[in-house]
1. Scanning the stretch 205-216 for residues that are open to solvent by less than 10 Å² (accessible area, probe 1.4 Å) and among the aliphatic types (A, V, I, L, M), which turns out farthest from residue 108 (Cα to Cα)?
2. Residue by residue through the stretch 411-441, note down the ones that are modelled with pLDDT under 90, part of a helix (DSSP H, G or I) and open to solvent by less than 10 Å² (accessible area, probe 1.4 Å).
3. Would you pick out the residues in the stretch 166-201 that are touching a Leu at 6+ places or on another chain (Cβ under 8 Å) and not in a helix (DSSP H, G or I)?
4. Looking at the stretch 268-348, what helices (runs of 4 or more DSSP H) fall wholly within it and have at least 2 residues that are without any contact (Cβ under 8 Å) to a residue 24 or more places away in the chain and more than 30 Å from residue 168 (Cβ to Cβ)?
5. Out of curiosity, is residue 465 of a type outside the set (Asp, Glu) and modelled with pLDDT of 95 or more?
6. List the pairs whose first member sits in the stretch 477-504 and is over 22 Å from residue 370 (Cβ atoms), whose second member is not in a loop (DSSP other than H, G, I, E, B), and whose Cβ atoms are under 6 Å apart, counting only residues at least 6 apart or on separate chains?
7. Looking at the stretch 71-155, what helices (runs of 4 or more DSSP H) fall wholly within it and have at least 3 residues that are in contact with a Gly (Cβ under 7 Å, 6 or more places away or on another chain), surrounded by 24 or more Cβ atoms within 10 Å (Cβ to Cβ) and at negative phi?
Amino acid sequence: MDTLQLILSILPPIIAIGLALITKEVISSLLVGILAGTLIYSQGNVVGMVTSAFELMGSKIGDNVNILIFLGLLGALVVIVTRAGGSAAYGDWASRKISNRRGAALATSALGCLIFIDDYFNCLSVGTVMRPVTDKHRISRAKLAYLLDATAAPICIIAPVSSWGASVASYMSDATGLNGMATFVKTIPYNFYAILTIIMILVICLTKLNYGPMAKFEKNAIEKGDLFSNTENIVTEDLGGVAGKALKGKVYDLIIPIVALIVCTVLAMVYTGGGFAGTPFLESFGECDSAFSLVLGSFLALVATFILYIPRRVLSFVDFMGGITEGIKSMVPAFTILILAWTIGGVCSGDYLNTGTHVGNAISNSAFPAFLLPAVIMIVAAFLGFSTGTSWGTMAILIPIGAAIASTPSTEQLLLPIFGAILGGAVYGDHVSPISDTTILSSTGAGCNHLDHVASQMYYASTVLACCLVGEVIMGLTGGNVIVSLAAAIVLLLAVLYGLNRVQSKKEPIDYSQVKY
């Protein structure tokens, strides 16, 4: 019976992911997966299937309405800055200062690392700012989407002052009774996936490494100037409405709104976490309402942008307000997929099919050798994150289970390695899942076909995961020696990347003569 429940609980995400990969169409795939899940939940009752699906969808919209408002406000800010010419001015400035592909890739990654407060903000804002620069140097949109995604969640998951760090710290505190933020900070060196992903980014930016589907996208971009390869579902119209207009914006018309957004969001997180009422700074992040803070921060940034633009007549009042409407409209595709992704995640939740508990129990009730626990738990976290499309939900489910597994005398030294494996596996699953919100937003921010981004990123992320798993096994064998196991994983990653690059270069070489590297 338990095996049947496990199979039924993972069936909806498998159906959705399978259909998405086969049909190349995400929305219908998600709908079918949702309906399959609610059909199982309602035990074959068709009326119950439909009512359960839309009741859950309405509930998820209500629970996540602040994220939708934030996205709308951020979309408005992006279009307004574009209309004012701030993005164009930055692009012109960066184009003059950045003279090659390496510089464009490094600048994109550096900006992604600097914007570590929240992955949603990271994916959309960095993509919008850097797109003109990467386009000029013929960096494919698939490569840009990877750089956005790889500097979003992997950076946020090791940044204590972020919405991610705050949430994970609260999970750890509840599961262990220890200081959550202190435990989270101690876990950072054990988060192999995040660390190796950062190393992977540096290698990709500094070298001509390309393999898997990404090699095809880069070859077309470099040799033919085709940044998309697959142009289906790509929005190419002038969302800012600036084509043919004389722009008055300066570089600071882009920088000031972004700085305002960061500063206002940080202050809002402190405010909603009680920081202005006496709660210590770091604790206020742990107690904050991150979604509502993002709404407050983006609204205040929009107000600051209004004050910056209107008196100087960079934009007229009518153009400014029109930019708000256009910005919200530009987010409708992301709204649609996010709502469906949240809904299928809800189908897999404890109130419906309880996917996480079934998968978690399957591992916790199995008699695995102790030294394999970090690697096995990382695989489970990766699969769960991939199936549900949510790393936060995966971490919330598995951190208590991981703490329970590490509570025995024979495994207590593996508490931090197990936590690191859960965090890394969850982020990997989120990275490669077509129904993940950050994956969706990375392709949106880059202006890349969503499934092109999924297909090309999967090879890179899976390479990192494979090396991490070897490191996790060594971690278990050495009783939690993080230095030896992390060093082994890094050396293995560099060796594998070198080998893959040699194979790909011989199989289908890229002519770099048309670009300055």
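The values are calculated or read from the model by the stated rules, or taken from the named source; none is laboratory data. Quantities reported herein were computed from a predicted structural model and do not represent experimental measurements. Neighbour counts run over all protein chains shown; Cβ positions are idealised from the backbone, glycine included. Please note that ligands, DNA and RNA were not included when accessible areas were found on the heavy atoms of the full protein model with its side chains. Shrake-Rupley method; radii C 1.70, N 1.55, O 1.52, S 1.80 Å.
1. Going through the qualifying residues, I end up with 215.
2. Result: 414, 430, 431, 432, 438, 439, 440, 441.
3. 191
4. 290-309, 317-330
5. yes
6. Sorted first by the residue in the stretch 477-504, then by its partner, the pairs are 492/467; 492/470; 493/196; 493/467; 497/203; 504/215.
7. Numbers: elements: 86-97, 101-114, 119-136, 141-150.
Because the criterion is at least 3 residues that are in contact with a Gly (Cβ under 7 Å, 6 or more places away or on another chain), surrounded by 24 or more Cβ atoms within 10 Å (Cβ to Cβ) and at negative phi, the helices (runs of 4 or more DSSP H) in the stretch 71-155 that meet it are 119-136, 141-150.
Each row is one residue, and each column tells you yes or no for (1) over 25 Å from the mean Cα position of the chain (by Cα); (2) open to solvent by 40 Å² or more (accessible area, probe 1.4 Å); (3) more than 24 Å from residue 69 (Cβ to Cβ); (4) modelled with pLDDT of 85 or more.
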| position | (1), (2), (3), (4) |
| --- | --- |
| 262 | no, yes, no, no |
| 285 | no, no, no, no |
| 295 | no, no, no, yes |
| 300 | no, yes, no, yes |
| 314 | yes, no, yes, yes |
